[in-house]
1. If residue 221 meets every condition in (1) closer than 17 Å to residue 156 by Cβ; (2) part of a loop (DSSP other than H, G, I, E, B); (3) open to solvent by 20 Å² or more (accessible area, probe 1.4 Å) apart from one, which number is that one?
2. I'd like to know if region 28-41 contains one or more residues that are within 14 Å of the chain's Cα centre (by Cα), buried (at least 18 other Cβ atoms within 10 Å of the Cβ) and assigned to a loop (DSSP other than H, G, I, E, B).
3. Quick one: is residue 58 touching a helix residue (DSSP H, G or I) at 6+ places or on another chain (Cβ under 8 Å), buried (at least 23 other Cβ atoms within 10 Å of the Cβ) and part of a helix (DSSP H, G or I)?
4. Let me spell it out: the conditions are (1) open to solvent by 50 Å² or more (accessible area, probe 1.4 Å); (2) in a loop (DSSP other than H, G, I, E, B), and residue 63 meets all of them except one. Which number is the exception?
5. Taking the conditions exactly as written (touching a residue at least 40 places away in the same chain (Cβ under 8 Å), of a type in the set (Asp, Glu) and either more than 20 Å from residue 228 (Cβ to Cβ) or open to solvent by 40 Å² or more (accessible area, probe 1.4 Å) (or both)), does residue 71 satisfy them or not?
6. Taking residue 100 and the conditions (1) in contact with a helix residue (DSSP H, G or I) (Cβ under 8 Å, 6 or more places away or on another chain); (2) closer than 30 Å to residue 66 by Cα, which numbered condition does it fall short on, given that it satisfies the others?
7. Within region 226-240, which residues are at pLDDT 95 or above, open to solvent by 60 Å² or more (accessible area, probe 1.4 Å) and over 18 Å from the mean Cα position of the chain (by Cα)?
8. I need a count of the residues in region 151-168 that are surrounded by fewer than 19 Cβ atoms within 10 Å (Cβ to Cβ) and modelled with pLDDT under 95.
Amino acid sequence: MIQACLNGDRHPRAHPRLPVSPDAVARATRAVVETGAFMVHVHPRDEHGQESLAVEHVVGTVRAIRSLVPDVGISVSTRDGIATDERAKLSQVSAWPAPEQGGPDCANVNWHEPGAVRLAGILRARGIGVEAGIWTPHSATAFVSTNWPWQVERVLVEVIPGHTRGSDGAWAAERILAALGMSPAPVLVHGEQAWAWPVLRWAQRSGYDVRIGLEDTLVLPTGREAHDNTELVAEALKTGGGAPTQWPVPDPL
């Protein structure tokens, strides 16, 4: 299954078809779902295109999506850097409504960030599922030392260039997975930037769910800039993915 990550923390001018406004995100969601994505991950924005955890921006984005695609699963980000500090993050997320009242279905919690366990608890109390974002073997070890592996909606093994010392790409994913052990929750594996396509193809061959979209990469395996999120999802769905991607594809800044 493929999760489409529509915008991430990219600047609004990073790509001509990067969806930023609630209406644009909703239209992009409809397009990727029609192409074959099973859910979307979005970073809600404010009126100026800046990422936001404020309830009005999160709910506005979620409701816009559901007005066009009522049944799609919606995941949002809680990454460090969106709010001014940990206290502000926890306060803003505490105001989110449950999914049936306009809140997201789930939210990504990066387990290496301060306050991750508290944040996960707040989300669960609101009836919002938790996606545990695991970037390193150390984060995986910390995660499995808690009771959270049995409470999350899914585990995201996230290969971010430069964050797994001594390894990258599929090797980094394998190291994180080894530290996780047998996860009781579904596992989704993805890479970002240069490792988006190599990790996606490795994960598909290994039987894991994957994600792709303009958050993770702006280019196709050939190096050509993707037209939009839909083209990235369509490429990921191709059987075998065409020619094997052996080396990382540059992601233009």
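1. Result: residue 221 passes all but (1).
2. Scanning region 28-41 turns up at least one residue that is within 14 Å of the chain's Cα centre (by Cα), buried (at least 18 other Cβ atoms within 10 Å of the Cβ) and assigned to a loop (DSSP other than H, G, I, E, B).
3. no
4. Only one criterion is unmet by residue 63, namely (2).
5. No.
6. Of everything listed in (1) in contact with a helix residue (DSSP H, G or I) (Cβ under 8 Å, 6 or more places away or on another chain); (2) closer than 30 Å to residue 66 by Cα, residue 100 misses just condition (1).
7. 227
8. 7
The values are calculated or read from the model by the stated rules, or taken from the named source; none is laboratory data. Worth saying up front: this structure is predicted, and the values here are computed from it rather than measured. Cβ coordinates were reconstructed from backbone atoms using ideal geometry, including for glycine residues, and neighbour counts include every protein chain displayed. Only protein heavy atoms, including side chains, enter the accessible area calculation; ligands, DNA and RNA are left aside. Shrake-Rupley method; radii C 1.70, N 1.55, O 1.52, S 1.80 Å.
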